[in-house]
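Undergrad: Take this structure first; my questions come after.
The values are calculated or read from the model by the stated rules, or taken from the named source; none is laboratory data. Everything numeric here is computed off the predicted structure, so don't read it as measured data. In this analysis, Cβ positions are derived from the backbone assuming ideal geometry, glycine residues included, and neighbour counts consider all displayed protein chains.
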Amino acid sequence: MKVLRFLMLGIFLVLLQSVGAQDMTAKEILQQAEDQWQGEESSQGDMTMKIIRAEWERTIEMKMWIKGRLFSLTLITAPANERGQTFLKRDDNMWHWMPSINRMIKIPPSMMSQGWMGSDYTNNDILKESSIVVDYHHSIIGEETINDHNCWKLKLVPKEDAAVVWGKVIKYIDKQHFMQLKSEYYNEDDELIRTEKASDIEMMDGRKIPTKIEIIPQNEAGKKTVIMVDNMKFNKDIPDGFFSQQNMKRVK
């Protein structure tokens, strides 16, 4: 009888969790997905980015620290000729430190849509200038299965006063672990510009996350950027002072 009670309790808890998930709003789902990927408070990790073109490839290794929406710092660790470059976002300001020429450059808003380090990621993607939770209206428009994962299909439309790059974003978020498994980005004319696909799910620091992200521009054969997450830690204490121009020059 005790075994039966435990089984019934387990089934009840699973059903209760399922009902709670079904009652979530699109914004709550998206916030949970962002927390799953970036941590509720912070995240830090090592990543490898491969820029793939029809006739050449280029690999960049980096370390990243993110705290909430206001702070992020990225350090290039390879290749050797670019090692030591750092990118900082603090509040609404962004800078690029280039040690080879001993120069600090402030990144203007006009450059947010440009490719970061020549990749298919934009400066806005890397530096997290805009927030998909804050700057968009959200709605659940359906469900779809992505790589055997049952996903919510969300539609994101920018708010009128939001300084964002995209005219519309469609996201597919796994219902069990809130992983963002696919994202489609459209311009203001409702034309698909790029697709992001996430795969190779692994357990890192106690949570499941995709460790491979492919950024594929639309109608550009042989061109894409692949991000590999080498390791990731979540919700470690990172003081605000870590995200400073002074630390850009000495972080390792």
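Undergrad: Evaluate the range 162-180: report whether one residue or more is buried (at least 18 other Cβ atoms within 10 Å of the Cβ), under 15 Å from the mean Cα position of the chain (by Cα), under 22 Å from Thr48 (Cβ atoms) and modelled with pLDDT of 95 or more.
TA: Checked the range 162-180: at least one residue is buried (at least 18 other Cβ atoms within 10 Å of the Cβ), under 15 Å from the mean Cα position of the chain (by Cα), under 22 Å from Thr48 (Cβ atoms) and modelled with pLDDT of 95 or more.
Undergrad: Now, a different point. For the range 18-28, how many residues are at pLDDT 90 or above and surrounded by fewer than 19 Cβ atoms within 10 Å (Cβ to Cβ)?
TA: Applying the first criterion (at pLDDT 90 or above) to the range 18-28 yields 24-28.
Now restrict to residues that are surrounded by fewer than 19 Cβ atoms within 10 Å (Cβ to Cβ): 24-25, 27-28.
Going through the range 18-28 one residue at a time, the tally reaches 4.
Undergrad: When you go through Asn123, Asn93 one by one, which is the residue that is at pLDDT below 95 and within 15 Å of Ser244 (Cα to Cα)? Quick ask: steps written out before the conclusion?
TA: Values: Asn123 fails: within 15 Å of Ser244 (Cα to Cα).
Matching residue, one of Asn123, Asn93: Asn93.
Undergrad: Further question: Within the range 188-206, can you find the residues that are in a loop (DSSP other than H, G, I, E, B) and surrounded by 14 or more Cβ atoms within 10 Å (Cβ to Cβ)?
TA: Result: Asp205, single match.
Undergrad: Tell me the residue from Glu144, Glu191, Glu196 that is modelled with pLDDT of 95 or more and closer than 19 Å to Gln31 by Cβ, please.
TA: Glu196
Undergrad: Here is a list of conditions, (1) in a strand (DSSP E or B); (2) closer than 21 Å to Gly142 by Cβ, and Ile209 meets all of them except one; can you say which number that is?
TA: (2)
Undergrad: In addition: Considering every residue within the range 220-232, establish whether at least one is modelled with pLDDT of 95 or more and more than 27 Å from Ile51 (Cα to Cα).
TA: no
Undergrad: When the range 116-127 is examined, which residues are found to be of a type outside the set (Ser, Thr, Tyr) and out of contact with any Lys or Arg (no Cβ under 6 Å at 6 or more places or on another chain)?
TA: Trp116, Met117, Gly118, Asp120, Asn123, Asn124, Asp125, Ile126
Undergrad: How about the range 170-187: which of its residues are over 14 Å from Ile215 (Cα atoms), in a strand (DSSP E or B) and among the aliphatic types (A, V, I, L, M)?
TA: Ile170, Ile173
Undergrad: While we're here: Among the residues of the range 172-193 satisfying the criterion of being among the charged types (D, E, K, R) and touching a His at 6+ places or on another chain (Cβ under 9 Å), which is nearest to Tyr121 (Cα to Cα)?
TA: Asp174
Undergrad: Please work out if Asn150 is among the polar types (S, T, N, Q) and either buried (at least 19 other Cβ atoms within 10 Å of the Cβ) or more than 22 Å from Thr74 (Cβ to Cβ) (or both).
TA: Working: among the polar types (S, T, N, Q): yes; either buried (at least 19 other Cβ atoms within 10 Å of the Cβ) or more than 22 Å from Thr74 (Cβ to Cβ) (or both): yes.
Here the answer is yes, as Asn150 does meet what is asked.
Undergrad: Can you name the strands (runs of 3 or more DSSP E) wholly within the range 15-95 that have at least 1 residues being hydroxyl-bearing (Ser, Thr, Tyr) and within 30 Å of Ala221 (Cβ to Cβ)?
TA: 42-52, 57-67, 71-78
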